[in-house]
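Beneath this line is the structure, given in structure tokens, with notes to follow.
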Amino acid sequence: MATATCTGYAVQDANSPLIPFSFSRRSPRPLDVVIDILYCGVCHSDLHTARNEWGNTLYPCVPGHEIVGRVRGVGSGVTRHQIGDLVAVGCMVDACRECPSCREGLEQYCQKGMVGTYNGDDNVLGGHTFGGYSSHIVVPEDFVLQVPDSLDPAGAAPLLCAGITTWSPLRRWGAGPGKKVGVVGLGGLGHMAVKLAHALGAHVVLFTTSVSKVADGRRLGADAVVLSSDSQAMLTYQSSLDLIIDAVSAPHDIDLYLDLLGRDGTLVQIGAPDEPLPVSAFSFITGRRSIAGSAIGGIAETQEMLDFCGEHGITADIEIIPIQQIEQAYARMLRSDIKYRFVIDMASLKTA
Ligand code: NAP
Ligand code: ZN
Ligand code: ZN
């Protein structure tokens, strides 16, 4: 199969920094779209994967699954996108499209396994997929999203993972007027959870470990902000919340948050620490509470989320960096020192 050279940044093993890397992308098949990448958000999953914290990384690894770019070329059968369109690619670039999950628009739960934008099986060229820290990407048209014109392209990039990963559970568990929603951890995902839950009309309570984020929490849309180290303040929320979205990237005490759920409340774990989270049976026997998980979101609901953000003027709060600063960005992310998403300006690749 014909290919074209792509330039990007990759890690070669768990202990090395990201460095310039050239590799091949396929030429478009009839239903493929070729996208020049303008911006790529930096998700904590990129960092977990680059460092092999989940034990499943295929090297060399080119991370990046919050991609916004412009269509440069289309295959002969493409009808949904045109050359010049501002488009986006999230965490998946394909799925079987036939299993019950795919047929329900839940491609992220494809029973044959969805194809991750990076670290997935490349069913066309063989080997594994390479992500958005790169100059261009080739994706089947059904896995390419349209970005509303009203949104800033750089600020829209994090919607493709942080946005959809919080939107999907907020919608599934009915966040809206009359519901009290807790958000744990004000990082990339957490700050989108606050913005989206607020825009959906829920009462939002943010729980953070960072004193420096308290004022921001309110600005982003939280009705109340609680420092999780303040046990008195935590007590006042006991048994009061309908839903908690836990977006913390590191091991932490989830019993503390289960206690804040009212009867039949649900804690949805979306943060993915590399260590198990211990939990006391009494934390969820009490009040018939549930613990759930949620992975990104399907393609149709991703477009729904993008359109909602277009209508409400919602983008991420971002800090734009050149690709050459990615290691410093990872180090700051590990210190929870980012307000609230790094986005790589891919034009910087040319200055490498
Ligand atoms: P992030 O920007 O680094 O934010 C994580 C936040 O968690 C931090 O800002 C901090 O918030 C809090 N935190 C960090 N360390 C903590 C600790 N030791 N104890 C308590 N709180 C701590 O990360 P992200 O990109 O939002 O990703 C969050 C997690 O979601 C990652 O594990 C990522 O892999 C996962 N993820 C899952 C999915 C999915 O499909 N389920 C999709 C994308 C990402 P405060 O400063 O406010 O405390
Ligand atoms: Zn992500
Ligand atoms: Zn499937």
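What follows draws every value from the coordinates through simple rules; no lab data is involved. Here the structure is a predicted model, which is why all the values come from computation and not from measurement. Neighbour counts run over all protein chains shown; Cβ positions are idealised from the backbone, glycine included.
Among the residues of region 10-30, are any of a type in the set (Phe, Trp, Tyr) and touching a helix residue (DSSP H, G or I) at 6+ places or on another chain (Cβ under 9 Å)?
Checking region 10-30: not a single residue is of a type in the set (Phe, Trp, Tyr) and touching a helix residue (DSSP H, G or I) at 6+ places or on another chain (Cβ under 9 Å).
Here is a check on your reading of the model: is VAL89 hydrophobic (A, V, I, L, M, F, W, C) and under 16 Å from the mean Cα position of the chain (by Cα)?
yes
From the list VAL71, VAL138, pick out the single residue that is among the β-branched types (Val, Ile, Thr) and crowded, with 21+ Cβ neighbours inside 10 Å.
Of VAL71, VAL138, the one residue that is among the β-branched types (Val, Ile, Thr) and crowded, with 21+ Cβ neighbours inside 10 Å is VAL138.
Residue under question is GLN146, and the condition is that it be in contact with a Cys (Cβ under 7 Å, 6 or more places away or on another chain), over 21 Å from ALA50 (Cβ atoms) and polar (S, T, N, Q); does it hold?
no
Can you report the number of residues in region 246-260 which are more than 10 Å from ligand 1 (Cβ to nearest atom) and touching a residue at least 40 places away in the same chain (Cβ under 8 Å)?
2
Find all pairs meeting these conditions: Cβ atoms under 7 angstrom apart; at least six residues apart or on different chains; first residue within region 100-127 and in contact (Cβ under 8 Å) with a residue 24 or more places away in the chain and within 15 Å of ligand 1 (Cβ to nearest atom); second residue among the aromatic types (Phe, Trp, Tyr) and part of a loop (DSSP other than H, G, I, E, B).
Between residues of region 100-127 that are in contact (Cβ under 8 Å) with a residue 24 or more places away in the chain and within 15 Å of ligand 1 (Cβ to nearest atom) and residues that are among the aromatic types (Phe, Trp, Tyr) and part of a loop (DSSP other than H, G, I, E, B), the close pairs are TYR118/PHE130.
Quick one: in region 158-189, which of the residues that are crowded, with 24+ Cβ neighbours inside 10 Å and more than 18 Å from ILE296 (Cβ to Cβ) is farthest from ligand 1 (Cβ to nearest atom)?
Among those that are crowded, with 24+ Cβ neighbours inside 10 Å and more than 18 Å from ILE296 (Cβ to Cβ), it is VAL181.
Which number in (1) within 13 Å of ligand 1 (Cβ to nearest atom); (2) farther than 18 Å from ILE338 by Cβ; (3) not polar (S, T, N, Q) marks the one condition that MET192 misses?
With respect to (1) within 13 Å of ligand 1 (Cβ to nearest atom); (2) farther than 18 Å from ILE338 by Cβ; (3) not polar (S, T, N, Q), MET192 is out only on (2).
Looking at region 16-36, can you tell me whether even one residue there is within 15 Å of ligand 1 (Cβ to nearest atom) and touching a residue at least 60 places away in the same chain (Cβ under 8 Å)?
No, region 16-36 has no match at all.
Specify the residue that is nearest to MET92 (Cα to Cα); the eligible residues are those in region 277-316 that are part of a helix (DSSP H, G or I) and of a type in the set (Val, Ile, Thr).
Only one residue tops the list, namely ILE299.
Going by what's in this entry, would ALA10 be described as among the aliphatic types (A, V, I, L, M), under 13 Å from ASN119 (Cβ atoms) and not in a loop (DSSP other than H, G, I, E, B)?
yes
Considering each residue of region 30-58, count those that are over 24 Å from GLY155 (Cβ atoms), surrounded by 14 or more Cβ atoms within 10 Å (Cβ to Cβ) and not hydrophobic (A, V, I, L, M, F, W, C), and give that number.
5
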